[in-house]
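Let me begin by presenting the structure, written as structure tokens, before commenting on it.
Readers should treat all values here as calculations from the given coordinates under stated rules, not as data from a laboratory. Note that the coordinates shown come from a computational prediction; the quantities given were computed from them, not determined experimentally. Please note: Cβ atoms are built from the backbone with ideal geometry, for glycine as well, and neighbour counts cover all protein chains shown.
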Amino acid sequence: MQNLHIPATSYSPQVDFDFARHHLSLRGESYPENASVFFAPIMAALDAYLTPLDHVRITVDVQLAYFNSASTKAILAIFERLNAAAVAGNYVTVNWHSDPDDDTIMEFGQEIAEDSPALDVHLLALA
Amino acid sequence: MSLDHFYRFQDLARQQSVVFYYTGYFSQAIVSAMGDALRQRLNQTDASNVQRRKLFSVFIEMAQNVVHYSAEHLSASDSTDQEIRRGALWVGEQNGHFYVVCANPVAREQVGRIRDKLMPLLGMSNDDIKQLYKQKLRSDNDAESKGAGLGFLTVAREATEPVEFDFIDEDGPLSPITMFYLKASI
């Protein structure tokens, strides 16, 4: 299937879903005007990618400097799908990068790890 | 408005240590540009990194609230994207704390709904607000909300004191529109 690449803007993240290499990455800022409009095609591509997968190693890198409340909900939905894929027999590693003095983003990474026990979540502090 | 009025306006803003003030139409492009300017302006203040992040977060939630919900719009009333709506936003500094105040017109019939969302937050501790946020984040969306329905909760979570809000009848008690004010201190 075709890889998904969306360049960053000042208010939306760079999305690099390299499905061929099973590497997914989100980085930058996320406060689009309408998060559900922005994330809908991303969710659709992710669903199409994950559904047939079996026994695949997926690596997810998230390095977001800021995300608004509506984006938070969308990001949580992405991890619910990834957790379901891990439960279904895939191996998903999540590298959650955050600034060490940004408690909110670090704690959200912890919450994702607690919510999604099938994911192998690594909380990493940015230098 | 004579220049004399402008001087008084400027003087009041200076006395109140207003870091940033905007009134007029809000769109995503304006919010984003203001956000960049605010970040740069905050870099010149004594604000800690944590304060800057919280302030930026409150600013974005409030400004996007105007874009989504202000009762006075230039965009079509049923659009959900590329909206342009009227409001005002202040960022000020007071005794080492920052505050953000946002004002926008709302339909009078929305007053009850807004009050019901905000009133419970006023008496809650930071931990209670965090717990409620976690719970709401994982629940279904509010049908009338264009975002995640988490904007006010996010503002309350970032604030160091309970948020303040009010409705002011600028055009008299019979007008279908009233002005909604929301203030958070960080």
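Each DSSP beta bridge with both residues in the protein assembly as shown is either parallel or antiparallel, and the antiparallel ones are about 65%.
Note on chain B: dipole from Cβ charges, positive end direction compared against B:Asn104, B:Phe20, B:Gln135; the farthest Cα belongs to B:Gln135. I want the antiparallel fraction of DSSP beta bridges within segment A:4-125, as a percent rounded to 5. Counting DSSP beta bridges with both partners in segment A:4-125, the antiparallel share is about 30 percent.
Is the C-alpha gyration tensor of segment A:4-125 telling us rounded, prolate or oblate? Criteria: a/c under 1.5 is rounded; beyond that, a/b larger than b/c is prolate, otherwise oblate. The partial results should precede the final answer.
Numbers: a/c = 1.68, a/b = 1.20, b/c = 1.40.
Verdict is oblate for segment A:4-125.
For segment B:3-185, the spread of Cα positions along the three principal axes, ordered from largest to smallest, is 46, 39, 31 Å. Shape analysis of the protein assembly as shown places it in the prolate category; the axes a ≥ b ≥ c from the Cα gyration tensor give an a/c of at least 1.5, with a/b above b/c.
Straight-distance candidates among the aspartates and glutamates for linking to B:Lys136, with alpha-carbon spacing under 18 Å and chain neighbours fewer than 8 residues away dropped: A:Glu80, A:Glu107, A:Glu111, A:Glu114, A:Asp115, B:Glu61, B:Asp116, B:Asp127, B:Asp128, B:Glu144, B:Glu158. For chain B, a crude dipole built from +1 on the beta carbon of Lys and Arg and -1 on the beta carbon of Asp and Glu, taken about the Cα centre, is about 560 debye to the nearest 20. Rounded to the nearest 20, the size of the Cβ-charge dipole of chain A about its Cα centre is 480 debye, with Lys and Arg at +1 and Asp and Glu at -1.
Near A:Asp16, within a Cβ-to-Cβ distance under 14 Å, what is the net charge of the other residues, with Lys and Arg +1 and Asp and Glu -1?
Values: positive: A:Arg21, A:Arg27; negative: A:Asp18, A:Asp61.
Within the 14 Å Cβ shell, the charges total 0.
Across chain A, C-alpha contacts under 8 Å between residues 6 or more apart give a mean separation that, scaled by the residue count, equals a relative contact order of 21 percent.
On a straight-distance basis, which lysines could pair with B:Lys183 in a cross-link, Cα separation under 16 angstrom, same-chain partners fewer than 8 positions away excluded? Straight-line reach from B:Lys183, under 16 Å: B:Lys54, B:Lys117.
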